[in-house]
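Novice: Have a look at this one.
The values are calculated or read from the model by the stated rules, or taken from the named source; none is laboratory data. In this text, all values refer to a predicted model and were calculated from it rather than measured experimentally. Virtual Cβ from ideal backbone geometry, glycine too; neighbours counted across all protein chains shown.
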Amino acid sequence: MVLTSENQIVGPDGSSKSISSVNDRVLLGVIRSYSDAILVGANTSRNELIASEKSKPILVLTNSGDVDLGRLSPGSRIVAPVGSKAAEIPNAITFLATANPAESAQNLRNALLDLGFESVVCEGGAETAKWLIQSGFFDELAITRSPKVGAGQSYDFGLENWDIGLDLPDPEGFHYQRLTPKQQID
């Protein structure tokens, strides 16, 4: 995920591309190559070009099902909470959403694991990433800190609960970070 210093995820053009860099996109390609699938929210699937014929399957998290799977990579699927309109779409991956966000995230993770999706890269959107980061869905995060000016809302992803294990700066002022959850000391 690329973030500005103000924790914005998009630039003036309304996409992440304008706050990203060539190095960031190369790194994202490498991370994608090691994954089984790419998880995105429905808005991201509509607003960002995230796939190609060679891409991993895109798993689109949605309640409504208002997603054009035809513009995504082969094998892409809807991921939806049980009882939602999208859960009725053929081949949808369903999970039980509860009042507890962490429990819902674990149910989502279990549904994906049951289908063989062991390594999943989440590429947004902001609300999807925020929910999954704060709910303990991820084992690690790859964050690119951008020096570019962003636009739109700033988000609190709860990154203070994560340790920066790697921070590689580049000459353009970008920082490529690998984060892991902070260990809880009892």
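Novice: Only one of Ala126, Ala111 is at pLDDT below 95, small (Gly, Ala, Ser) and closer than 23 Å to Asn63 by Cβ; which?
Specialist: Ala126
Novice: What about Thr94, is it buried (at least 19 other Cβ atoms within 10 Å of the Cβ) and within 28 Å of Gly75 (Cα to Cα)?
Specialist: yes
Novice: In the range 68-79, how many are modelled with pLDDT of 90 or more and not charged (D, E, K, R)?
Specialist: Going through the range 68-79 one residue at a time, the tally reaches 2.
Novice: Taking the residues in the range 32-53 that are under 13 Å from Leu69 (Cα atoms) and of a type in the set (Val, Ile, Thr) as candidates, determine which candidate is modelled with the lowest pLDDT.
Specialist: Ile50
Novice: Something else now. List the strands (runs of 3 or more DSSP E) that sit entirely inside the range 84-186 and contain at least 1 residues that are among the hydroxyl-bearing types (Ser, Thr, Tyr) and in contact (Cβ under 8 Å) with a residue 60 or more places away in the chain.
Specialist: 141-146, 175-181
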